Structures are given as C-alpha cells and as structure tokens.
Amino acid sequence: MTIDLKDAGRRFNQEWIFRNFSYQFSAAGKYAILGPNGSGKSTLLSVILGSLAPSEGTITYTNGAEVPIEKIYTLVSFAAPYLDLVEEFTLQETIDFHFRFKAFYPGLDAVKLMDILGLVKAQDKALKYFSSGMKQRTKLALACCTNSPLLFLDEPTSNLDQQGMDWYHELIRDFTADKLVLVGSNQENEYSFCDNLIKITDYKG
C-alpha cells in the first residue's frame, strides 16, 4: 500500500494550513507528522485519510491497483481523542459492532482483544461510565487490532498514564509490523518507533 501526494494543500477560507506537500508514504513505513498544537497536523492526517479533500494538488492510493478515494475507508483504521464512541454501547457491544465492518488482526478474536485491553470485568459496562483513559485504550485497541494496511493515530496517548503509554507501545510492537502507520504528535514518546519525521511547519503557505 502506498499513498502519493503531489503539491497538496489545504486551506480554510483564505488561510493555508499547509501547501506544496509532495510525499510518498510506502507500505509498512512508520511516519510521524510533527508540529505544535494548532499547526495543522490533524488537518493533514484528515486529507491523507480521505475525509478532507485537498484544496489543491492530488492524492493517489495504490494497493496493487489504484484505489478510488471513496473506497479508502475500507483499508484504514483510525484512533484519535476527538473520535467519538457510542456511549450507550457496552464494551462488548462496541467490539462486536466495530468488527461487523472490519476484520480482526490475524490470530485475534473478541475474547483475545478483551484480554489485550485488560478490561474483561468491564465488558458489560456502558462506555459512558468509562474513564477518559479507558475510552482511549478502547479506541487504540480497536484501531491497532484491525486487519487493515493503513493505521492512522492522532495524539494516541492522550488521557493515558504511564502504564497506558507502556501498553500503547506493546500494541504498536505487536500489531503494526506490516502496516503503514502515520502518527500525528508533538510528544516524542508517541512516535519514537517512527523512522520518518515530517514537520508540518515546513509546508506552510
């Protein structure tokens, strides 16, 4: 799976968030998009994700053959603190619902995923009663444990304590070897496994 952006840019009203962004993301590569809060990391991730159209330039997805942008969602897993879960669902219902649309990472099932989360005792609890850290762990586990070639993470350790951050790195180690991973972050401990660092401030209009 590769993603090619050529002279891509995105603006809101008259303000360019980034511009002249040309880059190729290659299969199984690990990439970090870096910059201070409000610099446009999430906007660039959203353009690469296909949820925002570029204001200029092109983006091409190739997975053996070219993938239409309207189909890219089938190949992506995504986790972010601003991504909402269905609060009325229990954890078990959340897992069952997610994997009606996506496949488990090879060798996993709902029981094993619950063990990875460490929340077996909370499986019948509605998510609205979860702490912010438990919700973030749930989002990360769903994203990382899905069998998809693309994994996008925005501020992945938000709301996690040190134990949660160690757990996050175990997820990355165990479930991303063959995935193209993009991390939007300004904290080194979130992207320390990434080989390629991209500074959004280098692409200001």
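Every number here is computed from the coordinates shown, using simple stated rules; none is lab data. Everything numeric in this text was worked out from a predicted model, so none of it was measured. All Cβ positions, glycine included, derive from the backbone under ideal geometry; neighbour counts span all protein chains shown.
A few comments on the model shown:
- Burial ordering of 10, 173, 19, fewest other beta-carbon atoms within 10 Å first: 173, 19, 10
- For a straight C-alpha distance cut-off of 27 angstrom, the lysines reachable from residue 6 (same-chain residues fewer than eight places away being disregarded) are 30, 41, 71, 179, 199, 204.
- Taking the chain and dividing mean pair separation by its residue count, relative contact order in percent (alpha carbons under 8 Å, at least six apart): 33
- Check: the chain dipole with +1 on Lys, Arg Cβ and -1 on Asp, Glu Cβ, in debye: 220
- Stokes-Einstein, applied to the Kirkwood radius of the range 2-203 over Cα pairs at a viscosity of 0.890 mPa s and 25 °C, places its translational diffusion at 140 µm² s⁻¹.
- Acute angle (nearest 10 degrees) that the helix 162-175 long axis makes with the longest principal axis of the chain, alpha-carbon atoms: 70
- 3J(HN,Hα) couplings calculated from phi for the range 196-203 with the Karplus curve 6.51 cos²θ - 1.76 cosθ + 1.60 (θ = phi - 60°) are, in sequence order, 10, 10, 10, 8, 4, 5, 6, 10 Hz; Gly and Pro show x.
- Long-range HN-HN contacts of residue 199 with modeled amide H, under 5 Å: 34
- Filtered chymotrypsin sites (Phe, Trp or Tyr not before Pro), the range 1-105: DSSP coil and at most 13 other beta carbons within 10 Å: 82, 101
- Taking amide H atoms as placed 1.01 Å from N in the peptide plane, the amide H of residue 78 lies under 5 Å from those of 152, each 5 or more residues away in sequence or on another chain.
- Rh (Kirkwood; distinct C-alpha pairs) - the range 22-101, Å: 15.2
- Amide H contacts of residue 104 (H built 1.01 Å from N, under 5 Å, at least 5 apart or other chain): 147
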